[in-house]
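S.K.: The structure's right below; bear with me while I get my questions together.
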Amino acid sequence: MSAGFDSQTVRYEMSLTPDEAQAGSKKILNRGSKKLEVTIPPGSGDGTVVKLTGALKVTDGRDGDILITVRIKDAPAGVVVVDDASFTREVLQSKLPVVVDFWAPWCGPCRMIAPIMDKLSGRYSGRMKFCKINVDENPASASQFQAMSIPLLVFFKDGEEVDRSVGALPESELRFKIGQVLG
């Protein structure tokens, strides 16, 4: 090997949500035609560096490491659409308190509350997570949380249900309930 080509470090940044960083996660890094699985350890913060020792041998056929700097995405404003498969991760394992709107597209009151949820998701960004789940497409979650009448808003804190409300709430009442959950 030539002197200037014996060892090198390549740097990447990888964006994670706050929940992914807190819990740890596995991500795929694409380099050329190769894919590497990257394990981000639990409790990683913004700026954490994960070193893949000798990874350039796998991707490029030469000596060198890959350094990945973790970047934490701000909690997105907006309502997160969840389903039976993602409910536990997005709602029950969330580090933030969560309000889940159990809804269906044919439900008039559900359509009335949707813009209020959108608006408040921006107002409480980073403090409260807003989710919605279609009861027709996700019968397991609808059954588990007894969503017999919709819209049903279920409030969670630390993975536990702390409150629920049936029907389209006015914005002021929903803000009041969120304030109670946030303490």
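Read-outs: derived from the displayed coordinates by stated rules, not from any lab. Model, not experiment: these values are computed from the prediction. Cβ: placed from backbone, ideal geometry, glycine included. Neighbour counts: every protein chain shown.
S.K.: Can you give the net charge of the other residues whose Cβ lies under 15 Å from the Cβ of residue 84, counting K and R as +1 and D and E as -1?
M.R.: Values: positive: 89, 132; negative: 83, 90, 136, 137.
Spelling it out: positives minus negatives among the neighbours equals -2.
S.K.: Here is a further query. Karplus couplings for region 154-161 from phi (6.51 cos²θ - 1.76 cosθ + 1.60, θ = phi - 60°), rounded to Hz, Gly and Pro as x?
M.R.: 10, 9, 10, 9, 6, x, 10, 5
S.K.: Can you give me the Rg/Rh ratio for region 80-182, using Cα atoms for both radii and the Kirkwood formula for Rh? Write down the numbers at each step before the final one.
M.R.: On the way: Rg = 12.2 Å, Rh = 13.3 Å.
With Rg and the Kirkwood Rh in hand, the quotient comes to 0.92.
S.K.: Report, in debye and to the nearest 20, how large the dipole of region 80-182 comes out about its Cα centre when Lys and Arg carry +1 and Asp and Glu carry -1 on their Cβ. Can you show the working numbers first?
M.R.: Values: 12 positive and 13 negative charges, 89 e Å.
Dipole magnitude for region 80-182 comes out near 420 debye.
S.K.: Just checking the chain: which Cys have no other cysteine's beta-carbon under 4.7 Å?
M.R.: Cysteines lacking a close Cβ partner in the chain: 131.
S.K.: Treating only the Cβ atoms of Lys and Arg (+1) and Asp and Glu (-1) as charged, compute the dipole magnitude of the chain about its Cα centre; round to the nearest 20 debye.
M.R.: Rounded to the nearest 20 debye, it is 420 debye.
S.K.: Out of residues 5 or more away from residue 31 or on other chains, whose amide H comes under 5 Å of its own, with H placed 1.01 Å from N in the peptide plane?
M.R.: 36
S.K.: Whole-Hz Karplus ³J(HN,Hα) for region 99-110, in order, using 6.51 cos²θ - 1.76 cosθ + 1.60 and θ = phi - 60°, x for Gly and Pro?
M.R.: Here the 3J(HN,Hα) series is 10, 10, 9, 7, 9, 8, x, 7, 8, x, x, 5 Hz.
S.K.: Sum up the charges of everything whose Cβ sits under 15 Å from the Cβ of residue 38, counting Lys and Arg as +1 and Asp and Glu as -1, but leave residue 38 out. Present the calculation step by step, with values, prior to reporting the outcome.
M.R.: Working: positive: 11, 26, 27, 31, 34, 35, 51, 71; negative: 13, 20, 37, 65.
The answer is +4.
S.K.: Next up: Report the convex hull volume per residue for region 44-113, counting only C-alpha atoms, in Å³.
M.R.: On the way: hull volume 10.8 nm³, N = 70.
Hull volume over Cα atoms, normalised by residue count, gives 154 Å³.
S.K.: So who's got an amide H within less than 5 Å of the one on residue 80, skipping anything under 5 residues away but keeping other chains? H placed 1.01 Å off N, in plane.
M.R.: Result for residue 80 returns 130, 131, 132.
S.K.: Right, next: Considering the values (i) 25.4, 105; (ii) 16.1, 44; (iii) 21.4, 72, which represents Rg and Dmax of the Cα atoms in Å as calculated for the structure under consideration?
M.R.: (iii)
S.K.: Evaluate the charge dipole of region 3-72 about its Cα centre and quote only its size in Debye, nearest 20, assuming +1 on the Cβ of each Lys and Arg and -1 on the Cβ of each Asp and Glu. Working shown, then result.
M.R.: On the way: 10 positive and 9 negative charges, 43 e Å.
Here region 3-72 has a charge dipole of around 200 debye.
S.K.: Can you pull out the GluC sites (Glu not before Pro) in region 84-183 that DSSP calls coil and that have at most 15 other Cβ atoms within 10 Å? Don't skip to the answer; put the middle values down first.
M.R.: On the way: sites: 90, 137, 160, 161, 171, 173; in loops: 137.
When the GluC sites (Glu not before Pro) of region 84-183 are filtered for loop state and at most 15 Cβ neighbours within 10 Å, 137 remain.
S.K.: Sticking with this structure for a sec: How about residue 95: which lysines have a C-alpha closer than 24 Å to its C-alpha, ignoring those fewer than 8 places off in the same chain?
M.R.: 26, 27, 73, 119, 129, 132, 157, 177
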